[in-house]
Amino acid sequence: NAGVTQTPKFQVLKTGQSMTLQCAQDMNHEYMSWYRQDPGMGLRLIHYSVGAGITDQGEVPNGYNVSRSTTEDFPLRLLSAAPSQTSVYFCASSYSGGGQETQYFGPGTRLLVL
Amino acid sequence: QQPVQSPQAVILREGEDAVINCSSSKALYSVHWYRQKHGEAPVFLMILLKGGEQKGHEKISASFNEKKQQSSLYLTASQLSYSGTYFCGTRGHPGTYKYIFGTGTRLKVLA
């Protein structure tokens, strides 16, 4: 199993550009989520999904879109990048209940918006 | 609101013990604990689902008091490999999947 994979590992954008951060998991997990982590800070939930076709907003959803057309993939779209979106983005997945909610995190995407 | 962790940072010598606390202003259904090393992704340590439940993982254990909305992580006989930042992740009730992470505790273990 590859676990949770994220691409790209690092990206530089100019203000106003759009891009998609890719996330995929091969563990058949129902739950997937996106977090951002700013320097010296904890993780803040952006969006999450409990299954294909079902998404919901987290703490900091503004400026980001998600969709979940398959169980495996959960891409995060930045609509119009802003310097405030400079951060490290982590994708995570887990089973969605029954005490099996261990979240497995991907390696992260480091995003710099100029 | 983010759960508050205390202390913010702690330095230990190998073999010493530490306690990290996580306090929420909201009711909790479950608490997860993670460790993150610099430049890496967080790694799951354990999940606590019931009030007063205590779990152990090698020399790391945790308790969860749902009435006080608090969880504590106990590190005994610390090893160099325990160094990193520890986060609690909380979930308010079984119907929500909005995990809210704590402020983090930086732990450094010295030889």
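No lab work stands behind these numbers, since they all come straight from the coordinates. Quick caveat, the model's predicted, so the values are computed rather than measured. As a convention, Cβ positions derive from the backbone with ideal geometry for all residues, glycine included, and neighbour counts pool all protein chains shown.
Which condition breaks for B:Q8 when tested against (1) more than 14 Å from the chain's Cα centre (by Cα); (2) over 25 Å from A:S96 (Cβ atoms); (3) within 11 Å of chain A (Cβ to nearest Cβ)?
B:Q8 satisfies all of (1) more than 14 Å from the chain's Cα centre (by Cα); (2) over 25 Å from A:S96 (Cβ atoms); (3) within 11 Å of chain A (Cβ to nearest Cβ) except (1).
Does segment B:10-33 contain any residue that is free of Cβ contacts under 8 Å to residues at least 40 places away in the same chain and closer than 23 Å to A:T109 by Cα?
No, segment B:10-33 contains no residue that is free of Cβ contacts under 8 Å to residues at least 40 places away in the same chain and closer than 23 Å to A:T109 by Cα.
Could you look through segment A:33-44, keep only residues that are crowded, with 20+ Cβ neighbours inside 10 Å and touching a Ser or Thr at 6+ places or on another chain (Cβ under 6 Å), and pick out the one that is farthest from B:V43 (Cα to Cα)?
Applying the filter and picking the extreme gives A:R36.
Considering (1) at the interface with chain A (Cβ under 9 Å from one of its Cβ atoms); (2) surrounded by fewer than 22 Cβ atoms within 10 Å (Cβ to Cβ); (3) more than 22 Å from A:V50 (Cα to Cα); (4) not hydroxyl-bearing (S, T, Y), say which one B:V43 fails and leave the rest.
Checking B:V43 against (1) at the interface with chain A (Cβ under 9 Å from one of its Cβ atoms); (2) surrounded by fewer than 22 Cβ atoms within 10 Å (Cβ to Cβ); (3) more than 22 Å from A:V50 (Cα to Cα); (4) not hydroxyl-bearing (S, T, Y), the one that fails is (3).
Could you say which residue among A:A92, A:A82, A:A52 is surrounded by 22 or more Cβ atoms within 10 Å (Cβ to Cβ) and of a type in the set (A, V, I, L, M)?
A:A92
When you go through (1) under 26 Å from B:H38 (Cβ atoms); (2) part of a loop (DSSP other than H, G, I, E, B); (3) of a type in the set (S, T, N, Q) one by one for A:N62, which number turns out not to apply?
For A:N62, the exception is condition (1).
Give B:F87, B:F64 a once-over and let me know the one that is touching a residue at least 40 places away in the same chain (Cβ under 8 Å) and within 14 Å of chain A (Cβ to nearest Cβ).
Just a single option satisfies the conditions, and that option is B:F87.
If I filter segment B:48-59 for residues that are in contact with a strand residue (DSSP E or B) (Cβ under 7 Å, 6 or more places away or on another chain) and facing chain A (nearest Cβ under 9 Å), do I get at least one hit?
yes
Quickly run through segment A:44-66 and pick out the residues that are more than 14 Å from chain B (Cβ to nearest Cβ) and touching a strand residue (DSSP E or B) at 6+ places or on another chain (Cβ under 7 Å).
A:G63, A:Y64, A:N65 - these are the residues of segment A:44-66 that are more than 14 Å from chain B (Cβ to nearest Cβ) and touching a strand residue (DSSP E or B) at 6+ places or on another chain (Cβ under 7 Å).
Filter segment B:79-89 for residues that are within 21 Å of B:V31 (Cβ to Cβ) and surrounded by fewer than 24 Cβ atoms within 10 Å (Cβ to Cβ); which is nearest to the chain's Cα centre (by Cα)?
B:T85
Out of the residues in segment A:88-114 that are in a strand (DSSP E or B) and away from chain B (no Cβ under 14 Å), which is nearest to the chain's Cα centre (by Cα)?
A:L111
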